[in-house]
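Report on the following structure.
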Amino acid sequence: MAAVLESLLREEVSVAAAVRWIARSTQSSEDEPGEAAALSALGPLRKEFVPFLLNFLREQSSRVLPQGPPTPAKAPGASAALPGRPGGPPRGGRGARSQLFPPTEPPGAAADAPLARRGGRRRGPGPARERGGRGAGGPEEAVGGESLGWAGGRRPRGAGSAGSPSLGLSDPPNLSNLEEFPPVGSVPPGPAGRTKPSRRINPTPVSEERSLSKPKTCFTSPPINCVPSSQPSALNTSLWGLGLAPGCRSLQEEREMLRKERSKQLQQSPTPAYPTPESGSPLPSRTGSLTAEAADPARVSSCQRLKLVALVYSSCIAENLVPNLFLELFFVLQLLTARRTVAAKDDDLEPNPDPLESPLFQSVHDCVFFAVQVLEHQFQVLSYLDKGTLKLLAENERLLCFSPALQGRLRAAYEGSVAKVSLVMPPSAQAVSFQPETDNRANFSSDRAFHTFKKQRDVFYEVLREWEDRHEEPGWDFEKGLGSRIRAMMGQLSAACSHSHFVRLFQKQLLQMCHSPCGAGGAVWGEAPDVLSVLGADKLGRLRRLRERLVAPQSSGGPCPPPTFPGCQGFFKDFILSASSFQFNQHLMDSLSMKIRELDGLALPQHEPGDEDGESDVDWQSERRRFAVVLLSLRLLAKFLGFVAFLPYRGPEPPPTRELQDSILALRSQVPPVLDVLTLLRQGLGARRAVLTVPWLVEFLSFADHIAPLLAYYRSTFVLLLRLHRSLVLSQEHEGGTCFLNKLLLLAVLGWLFQIPTIPEDLFFLEGGQLDASEVDTVASEHGLLWPVLPQDSMPVVDQQLLYACCPYIGELRKLLASWVSGSSGRSGGFVRKITPTTTTSLGAQPPQTAQGLQAQLAQAFFHNQPPSLRRTVEFVAERIGSNCVKHIKATLVADLVRQAESLLQEQLVTQGQEGGDPVQLLEILCSQLCPHGAQALAQGREFCQKKSPEAVRALLPEETPAAVLSSAESIAVGLAIEKACAWLSANITALIRREVKAAVSRTLRAQGPEPAARGERRGCPRACEHHAPLPSHLISEIKDVLSLAVGPRDPEEGVSPERLERLLGQLGQTLRCRQFLCPPAEQQLAKCSVELASLLVADQVPILGPPAQHRLERGQARRLLQALLSLWKEDFQVPVPLQLLLRPRNLGLLADKRPREWDLLLFLLQELVERGLMGRTEIETCLGSVHEAQWPGEFSKELATLFNLFLAEPHMPEPQLRACELVQPNRGTVLAQS
Amino acid sequence: MILTKAQYDEIAQCLVSVPPTRQSLRKLKQRFPSQSQATLLSIFSQEYQKHIKRTHAKHHTLEAIESYYQRYLNGVVKNGAAPVLLELANEVNYAPSLMARIILERFLQEQEETPPSKSVINSMLRDPSQIPDGVLANQVYQCIVNDCCYGPLVDCIKHAIGHEHEVLLRDLLLEKNLSFLDEDQLRAKGYDKTPDFILQVPVAVEGHIIHWIESKASFGDECSHHAYLHDQFWSYWNRFGPGLVIYWYGFIQELDCNRERGILLKACFPTDIVTLCHSTA
């Protein structure tokens, strides 16, 4: 590998040729014969070049970046093969999660030749045993016994490597640090070492001396899940250990150590070289030895060489030969902001004729020069970054100093940029609303299931609220706090249909909560115009922006963070884990897959923005917004699908042995994938929708377990993604090509995916290497794609807001630059805050299926040349009118049928008596009579759609729409609406009628039961009633008071005045006439109380207030009150009055206690009851008869019998009754007098 | 009538071990003349219910029932017209209506040798004239009309009060031209949880969005409010979003702490309702 670089540096081979060679393997006609010869000799090494180059740069830079911002971790190079590495993973480093890019098999013996040569030349003090790791694969090196140096590519730390540092060309001290902080991807020393974290961040400046020459070939690449991050990673904090790298326990400790080191460093951190005005006072430097050096273009050591390497490097970046574009940019910015080099070493180096022997970066000046060179090549990418980053770049004084031209372009780009990326705020929970259509009883198998789900909904939100309140409290634990409640709830979900209901709720809530309003005040993506924004959009937007500043997270965990569940997503993840319900997970996967398929099928916007007028611009904005919403929803759903789908397979460690792995593979290859992502990816590429499909696919795959990527199915998926990655050359802009930001998004998400720990490290380079060889054709033909197939997603649907929302880690660039400005170490500070991938509520329903055949084609063609808003309008109208039509049919035709059913049922009940027969049978009879009428539904539905659709279309389309277009649009809308409505109606109308009739029958039968009288016709308030009557509740209490006084016990001074009694009855009359506040139970109670009161009056039991002597009501007064009651019973009560109570033994018994007994009031009352038709004579006779049978004291019984006989004997004579009383009672005179 | 927790505690303090009689209520009104009667009654009723809940079990042990029954029998043998049952209830600090139920149940059990059904008991309590024993019927009736916290009469009054306030609220909504769906309409549509009113177009009250309104014709104390939150208000929130609860007889000020979360408390119909403006342009 070094040979290639050497050839380049010696200018034997041109950069262009080299890049062509790397990228395409075949020689191009453009290559000069000499170059071709030089390169073809190196052919087998071709694919090792890029990893080698990257490691080389990292290695070189490590010298000058000791105190800089966090240097990304080193990744192992892939330049040399290590067959049979002891202690290594079985094959290809697959199991060695330590390696980002593990070694590939050497193409042949020739592969090592140049290395050996190189090594031979640059003999270092590294002990021979260091090479032991190579084993049989590299005998010559073992013989050579020397470190490969930076040229050697990879230096695996084999079993014997621990301890003694080897050295490289510049012989730097303190190599042992690498043992403490093994570089990413270095092969662990042995089985014991396997528990050591392997992929880690670059030995952050634990010491200022860096192992420059340590013969290991790593290139910086921040380890995926070991990024020191101030933001807790949802995965890493998980009890379940998901996503933890092997040995993460110790990693945690180590990270802690590192943190301490860092903070130490922070204290010693250098003052910024050029404190900018914004940065405030520089940090005091304690040691003075670490101050940032001023970079000076004049002191660059070898411009030519640096330029050349920068060009090769840039070309590799441009050709997408590097796995992660933004990681390289991050690295370059690190070089740009390097504080100082290791001072003591600078002068030690003597000029060396061998271009590879002298360090590439000898000083800060070299670094900055190199960085600026690369940035110049990458200007195009930079210009698409957000405005904040551009500002920081444009204001960087080193950049100005080294390349005023680039600075000028950046400044111009900054000034022209509108890409303000706003930060999001965590949304507060809002519940999924209850929708009767899907949530009412009819959607459940049983009452029990319905009520269970009702409770579950409430438990779910209770848990959610508790989580909201408490999840940030220190020491609060999801599982401990909520786990058992969640499991208890899940345990109640017995029926399958309940699971699907719950999953629907869960998924909707997920989409709703993880939808955060994005964009400055909602302007970029907009939000559904909710009441709040309508009420005070302006203030609200400002408030929101203010809140964003306060609450936006500070860090996103480095340029390559592991997949996490930020914010509310954490709740859903933990919920799934705590529920640990197989059924739930299965239903959830089903539901997520379906939603993903649905959203993924969405058509991309069809036309270019700004081609016509303002109208299309507005349309375009909303198209874009819609796209962003769909994309973010898809990513969220896919992330959870990936999480759940791979959950059973995820573990902290890959299988320990090859045999085990093979057997797992054999087993797993039998299992069909949860969602056919490969097909969806192919379709997406074929339909030029990569920009929609790939971002969610990446989210899904980022949760793959260790084995999944090895399965043929997923391997094919990855190969396809790799091909896509390679094809997305940013600089290539051709007609109809993928738009730049679309490409950038794809590159960013793919680059991120390639860094995920569970994705095999060799995948990128190994597969990448194979891709352009023979396999390409097979892959291409297998996928039915012609190479090169560019997903020409040519619509500029991605903007910076979406880019940063999907890839918050791009913000790390800004953070790095900002930390340079502020002089902080930039570990987690900086102002760049995380942009959480967000999502919004799902779109409305999918466009309805269009009619088949020629008509459909014509309709499609009609829309083709119309603005997309027309199509959307028509589809929308059809969808809504179709749905309204069904509702209308329900409210008219079905409601009529239900009414018919009710009257038929009434008839049935009359003919069959109150029992009415078996309800099931009744229902069958009714349905057989009524269901045939359902056929009318189609005709009525058609009529409805024909009437309503054109109105709606006309109202929604611009006034200026040409008549022909309008009428076509109308007729298409009518057709679609009819199609939709009739499809539903013809399938469901019978069931609907049955259901409604059934409900009506059970309603009627229930009403038949207890209170038939209550259903009688009821009068309302009289006209002009002002509802000022006393409230029924007040009257009941009043009467109750009187009753309690009468029944006793009472204090001697307690009693009721006759006036109060009269007033009470007057009020009762008012209340009964004003029916505003009266409900049947209250009226019934009033009726009963009034009867009780009458009994007490008859028995003279009401204690009367007044002069001490008079504790009894005057007979005349009593009669007046009874008359009033009689009239209320007759005229005003609308419920049946339980008058028979008057003649119950208990009430008559009240008379028994009185002495002397007076029967006249009772007789009077009975007579009046008959007189007024309130009770029939026979009814009274029956009652009295039964009273007579009761046990009474002898005397009372006799009197009762006499009264009974009198009542029977003299029915029609009011006066004689009094005489009859006289017979029973001596004081007839008084009675007469009173009457 | 919004009370602070301290004010409320002062009232509640006076209600310890007070029998639920007419006389007690009268005294309470004299003690707190500035509070509305309805509020005092509501608080009294709630406090008394808490007391009953706490002591319910001890009155339902076999021994207790037996001893009450014997005392009742002894009492009525001496004087059937005396308020035996009522005095017994007051003496053991239990609600008269509930004591009546215990004795009636025990009585019927003796008569029929099988435990009587709940519906029979309830029916007899509603209409004591159905009770086969005349003396017991009178005793039960006396308990019921003298109990101001329990019993069918009180239940009916509470129900009526609740209904009246719903009607009142409905009128106010109509008056304000706010369209709504009421409980019956919601139930007919198949909603599983139904607040009194769902506004078809949400409004804002004191800056808070309101989707639904629940009328509570009682005083909102901690205990009842938490129960309502759990059984009703959060359930409404879970389905319909933020809403308003009107405690017509007031509430403890400190309970109105979920405003930001979406549950607003008021003691009357709000006056400053902001509605969604339809632009006429």
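Computed from the coordinates by the stated procedures, all read-outs in this text should not be read as laboratory data. Quick caveat, the model's predicted, so the values are computed rather than measured. We place every Cβ from the backbone using ideal geometry, glycine too, and count neighbours over all the protein chains shown.
The length gained on full extension between residue B:227 and residue B:6, counted as 0.36 nm times the residue separation minus their Cα-Cα distance, comes to 77.5 nm. Extending 7 Å from Cα along the Cβ direction at residue A:1208 and again at residue A:597 yields two label points whose distance is 8.5 nm. Taking Cα atoms only, the orientation of helix B:152-175 departs from the longest principal axis of chain B by about 10 degrees. Just need the relative contact order of chain B here, percent rounded to a whole number, with Cα pairs under 8 Å and 6+ apart. Value for chain B: 18 percent. Over the range B:60-150, what is the relative contact order in whole percent, taking alpha-carbon pairs under 8 Å and six or more residues apart? Computed over the range B:60-150, the figure is 33 percent. Each part gets one Cα centre, and for the range A:1082-1146 versus the range B:239-256 those centres are 41 Å apart. Mean per-residue shielding of peptide A:1033-1045 is 6, counting Cβ atoms of other chains within 10 Å of each Cβ.
Packing here is the average count of other Cβ atoms within 10 Å per residue, and on that basis the peptides A:52-58, A:964-970, highest first, run A:52-58, A:964-970. Put in line by how crowded their Cβ is, counting other Cβ atoms within 10 Å and starting with the fewest, A:717, A:990 read A:990, A:717.
FRET efficiency for the residue A:658 to residue B:200 pair, using the beta carbon distance and R₀ = 51 Å, is estimated at 0.15. Over 32 Å between C-alpha atoms is what I'm after, so list which of B:5/B:118; A:743/A:815; A:639/A:890; A:639/A:948; A:454/B:29 land there. As for pairs spanning more than 32 Å Cα to Cα, those are B:5/B:118; A:639/A:890; A:639/A:948; A:454/B:29.
Here the spin labels are modelled as points 7 Å beyond Cα on the Cα-Cβ line, and at residue A:960 and residue A:731 they lie 4.5 nm apart.
In plain terms, the residue of A:984, A:476, A:752 with the fewest other Cβ atoms within 10 Å comes first and the most crowded comes last, giving A:476, A:984, A:752.
Say a paramagnetic label sat at a point 7 Å from the Cα of residue B:261, along Cα to Cβ; which residues of the range A:438-467 have their backbone N under 11 Å from it? Counting backbone N atoms under 11 Å from the label point, the list is A:462-467.
Counting Cβ atoms of other protein chains within 10 Å of each Cβ in B:127-134 and taking the mean gives 5.
Rounded to the nearest 0.05, the FRET efficiency derived from the C-beta distance between residue B:92 and residue B:185 at R0 = 51 Å is 0.65. What pairs from A:1040/B:53; A:508/B:176; A:387/A:508 go past 32 Å between their alpha carbons? From A:1040/B:53; A:508/B:176; A:387/A:508, over 32 Å: A:508/B:176; A:387/A:508. For the residue pair residue B:60 and residue A:479, what label-to-label distance in nm results when each label sits 7 Å from Cα along the Cα-to-beta-carbon direction? About 4.0 nm, to one decimal.
Apply 1/(1 + (r/R0)^6) to the Cβ-Cβ distance of residue B:130 and residue A:1201, taking R0 = 30 Å, and write down the FRET efficiency to the nearest 0.05. FRET efficiency, residue B:130 to residue A:1201: 0.80. Listed by Cβ neighbour count within 10 Å, with the fewest neighbours leading, A:311, A:667, A:393 appear as A:667, A:311, A:393.
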